[in-house]
Amino acid sequence: GLSFTKQVDRDWGGQDRLDHVHAMREFLAKDPRLDTKRAGVVGRSYGGYMTLMLAGQHPELWSAAVDMFGPYDLITFSQRIPETWKPYFRIALGDPENETDRKFLIDRSPSTHLHQLACPMMVIQGKNDPRVVEHESRDLVENLRSIGKDIDYLMFANEGHDVLKYENRVTCYNAITNYFKKHLMV
């Protein structure tokens, strides 16, 4: 319900991230049917953000990661979103102009933690995304490549905050499948 959904307000990448880690370590790792030594993580939008946080803060859990449209730096993300969204995000996420909130946004930014990335990552982005603008993903790709990380970048010139055109969906989801096959199959 709504109260569950709102628990993430002012806690992006906090308890929800730890829930994923707990599930991996305490449940999935103990299931003999699963090989969690070859686990991949993928997410879109906020799920892309979560993918980045999990891959950066818990690199030992993942053998491959795919981020779709995930915010990389919460300060620049907050500055780049549409003006009409900024009041809501100041409430739900934090105000980058407030010193305490700014420290929180830096701590909860994937950019703060992804230097620890230990697996290959694919980043998928729409050039016309008004929410998580293409520059966020380009910053991620350029910064991680500059420190020697294995990063693939798939940018769709005619998409926004999703992959909606049929031919792009085929390309996108085949690329994700092939990426995970390459990095997770033994």
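The values are calculated or read from the model by the stated rules, or taken from the named source; none is laboratory data. Here the structure is a predicted model, which means the values were calculated and not measured. Using ideal geometry, Cβ is built from the backbone for each residue, glycine included, and neighbour counts are taken over all protein chains shown. Calculation scope for accessible area: heavy atoms of the full protein, side chains included, ligands and nucleic acids excluded. Shrake-Rupley method; radii C 1.70, N 1.55, O 1.52, S 1.80 Å.
Odds and ends about this structure:
- Taken over the range 56-96, the residue count meeting the criterion of being among the aliphatic types (A, V, I, L, M) and in contact with a strand residue (DSSP E or B) (Cβ under 7 Å, 6 or more places away or on another chain) is 4.
- Screening the range 131-155 for residues that are closer than 30 Å to Phe89 by Cα and of a type in the set (Val, Ile, Thr) and picking the one that is surrounded by the most Cβ atoms within 10 Å (Cβ to Cβ) gives Val132.
- Unmet requirement for Gly94, which otherwise passes all of (1) more than 18 Å from the chain's Cα centre (by Cα); (2) open to solvent by less than 80 Å² (accessible area, probe 1.4 Å); (3) under 17 Å from Leu52 (Cα atoms): (3)
- Single condition Asn158 does not satisfy, out of (1) surrounded by fewer than 19 Cβ atoms within 10 Å (Cβ to Cβ); (2) free of Cβ contacts under 8 Å to residues at least 40 places away in the same chain; (3) of a type outside the set (Lys, Arg); (4) touching a strand residue (DSSP E or B) at 6+ places or on another chain (Cβ under 7 Å): (4)
- In the range 1-31, the residue that is nearest to Glu60 (Cα to Cα) out of those that are in a helix (DSSP H, G or I) and charged (D, E, K, R) is Arg25.
- Boolean, Leu34 is more than 15 Å from the chain's Cα centre (by Cα) and assigned to a loop (DSSP other than H, G, I, E, B): yes
- A search for C-beta distances below 6 Å between a residue of the range 110-127 that is basic (Lys, Arg) and any residue that is assigned to a helix (DSSP H, G or I) and open to solvent by 10 Å² or more (accessible area, probe 1.4 Å), counting only pairs 6+ apart in sequence or on different chains, returns Lys127/Glu134.
- Residue match in the range 112-119 (condition: of a type in the set (Ser, Thr, Tyr), over 23 Å from Asp9 (Cα atoms) and open to solvent by 20 Å² or more (accessible area, probe 1.4 Å)): no
- Test result for Ile91, touching a residue at least 24 places away in the same chain (Cβ under 8 Å) and farther than 30 Å from Leu34 by Cα: yes
- Among residues of the range 15-43 that are open to solvent by less than 30 Å² (accessible area, probe 1.4 Å), those with a beta-carbon under 8 Å from a residue that is aromatic (Phe, Trp, Tyr) at least six positions away or on a different chain give the pairs Ala39/Trp62; Val41/Trp62; Gly43/Tyr49.
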